[in-house]
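**Q** Dropping the structure in here first, questions after.
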Amino acid sequence: MATGEGGHGGGDVRMLADLFGERAEDPLGRAADATDGARSLVTGLAANRSFETGLPVRTRELLDV
């Protein structure tokens, strides 16, 4: 597979394969888990709250993961 095939440097193809049960090896341990997903979401929530208030937001105030 070419590194650019499928978008995002081939990452889209790998992600879809992982989601639908054709897991590939991950020797560097780069695959995200549910906790990583929750952290990603709370980062976006904190950014939006900061945009609204103009103040810094501690992510732990929104969700403890």
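The values are calculated or read from the model by the stated rules, or taken from the named source; none is laboratory data. Just so you know, these numbers come straight off a predicted model, no measurement behind them. All Cβ positions, even for glycine, are placed from backbone atoms using ideal geometry, and neighbour counts span all protein chains on display. The area values use the complete protein model at the heavy-atom level, side chains included, leaving out ligands, DNA and RNA. Shrake-Rupley method; radii C 1.70, N 1.55, O 1.52, S 1.80 Å.
**Q** Restricting attention to segment 33-65, and to residues there that are over 14 Å from the mean Cα position of the chain (by Cα), among the acidic types (Asp, Glu) and at pLDDT below 95, which single residue is farthest from Asp12 (Cα to Cα)?
**A** Selected residue: Glu61.
**Q** Can you name the number of the only condition in (1) surrounded by 10 or more Cβ atoms within 10 Å (Cβ to Cβ); (2) outside any helix (DSSP H, G or I); (3) free of Cβ contacts under 8 Å to residues at least 12 places away in the same chain that Ser40 fails?
**A** Answer for Ser40: the failing condition is (2).
**Q** Now a separate question. So in segment 16-27, with the set limited to residues that are of a type outside the set (A, V, I, L, M) and within 27 Å of Leu63 (Cβ to Cβ), which one is surrounded by the fewest Cβ atoms within 10 Å (Cβ to Cβ)?
**A** Asp26
**Q** Among the numbered criteria (1) open to solvent by 80 Å² or more (accessible area, probe 1.4 Å); (2) modelled with pLDDT under 80; (3) in contact with a Ser or Thr (Cβ under 9 Å, 6 or more places away or on another chain), which one does Arg30 miss?
**A** Against the list (1) open to solvent by 80 Å² or more (accessible area, probe 1.4 Å); (2) modelled with pLDDT under 80; (3) in contact with a Ser or Thr (Cβ under 9 Å, 6 or more places away or on another chain), Arg30 comes up short only on (3).
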